[in-house]
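Report on the following structure.
The values are calculated or read from the model by the stated rules, or taken from the named source; none is laboratory data. No experiment lies behind these values; they were computed from the predicted model shown. Cβ placement follows ideal geometry from the backbone for every residue including glycine, while neighbour counts extend to all protein chains displayed. Calculation scope for accessible area: heavy atoms of the full protein, side chains included, ligands and nucleic acids excluded. Shrake-Rupley method; radii C 1.70, N 1.55, O 1.52, S 1.80 Å.
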Amino acid sequence: MPKDLEISRLCDAYGALLTENMLRTVRAYYDYDLSLAEIAEECGITRQAVLCRLRQAEGKLRELESAVGLVRKSDELLDKINAARRALETDAERGRSLLDGIITELSER
């Protein structure tokens, strides 16, 4: 099963909303790079049960991101900040203007 590292980011944002078993399984697989067999042995369940738990957790995390968009919004904000930083290096006035826009946007949330 190929690892989608975005799941680790989603887990950082929404992991507290997963069950304890789901969170532990996702962290073991994505963050600690344990195999399905290693997780199964550690949890006292089958590899198939680990795979099922992972798929359920991944679905829940994607559902939460779709509804809330926290990771997407964070990425968008980081892109804007990086654009402002680059602009400051070449055009200070434009960079300050971009930063003012970011600050205004954040204060309105």
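Some observations on this one:
- Signed unit charges on C-beta, dipole axis of the chain, positive-most listed residue S8, L64, Y30: L64
- Whole-number accessible area per residue in Å² for the chain, which is evaluated in the context of all protein chains at 1.4 Å: 66
- Considering only alpha-carbon pairs that sit under 8 angstrom and 6 or more positions apart, the relative contact order computed for the chain is 21 percent.
- Karplus-derived HN-Hα couplings along the range 50-57 (A = 6.51, B = -1.76, C = 1.60, θ = phi - 60°), whole Hz, x at Gly and Pro: 4, 4, 4, 5, 4, 5, 5, 5
- Cleavage-rule hits, chymotrypsin sites (Phe, Trp or Tyr not before Pro), the range 11-109, DSSP coil, Cβ neighbours within 10 Å at most 11: Y32
- For the range 28-75, convex hull volume per residue from C-alpha positions, Å³: 71
- A cut-off of 5 Å between modelled amide H atoms, ignoring neighbours fewer than 5 places along the same chain, links S35 with no other residue.
- Every Cα-Cα pair in the chain was counted, and those over 23 Å apart are 45% of them.
- Listed by chain and number, the lysines whose alpha-carbon sits under 24 Å from that of K3, ignoring those within fewer than 8 places in the same chain, are K60, K73.
- Rounded to the nearest whole Hz, the Karplus-based 3J(HN,Hα) values (6.51 cos²θ - 1.76 cosθ + 1.60, θ = phi - 60°) of the range 66-78 follow the sequence 5, 7, 9, x, 4, 5, 4, 5, 5, 5, 4, 5, 4, with x at glycine and proline.
- If only the Cβ of Lys and Arg carry +1 and only the Cβ of Asp and Glu carry -1, the dipole of the chain around its Cα centre is close to 180 debye.
- In loop segments of the range 1-96 as defined by DSSP, the trypsin sites (Lys or Arg not before Pro) with at most 14 further C-beta atoms inside 10 Å of their C-beta are K3.
- Sequentially through the range 25-40, phi angles give Karplus couplings (6.51, -1.76, 1.60; θ = phi - 60°) of 5, 4, 4, 4, 6, 8, 8, 9, 6, 7, 7, 4, 5, 5, 5, 4 Hz, Gly and Pro residues having no value and appearing as x.
- Whole-angstrom gap from the range 25-60 to the range 62-92, using each part's C-alpha centre: 31
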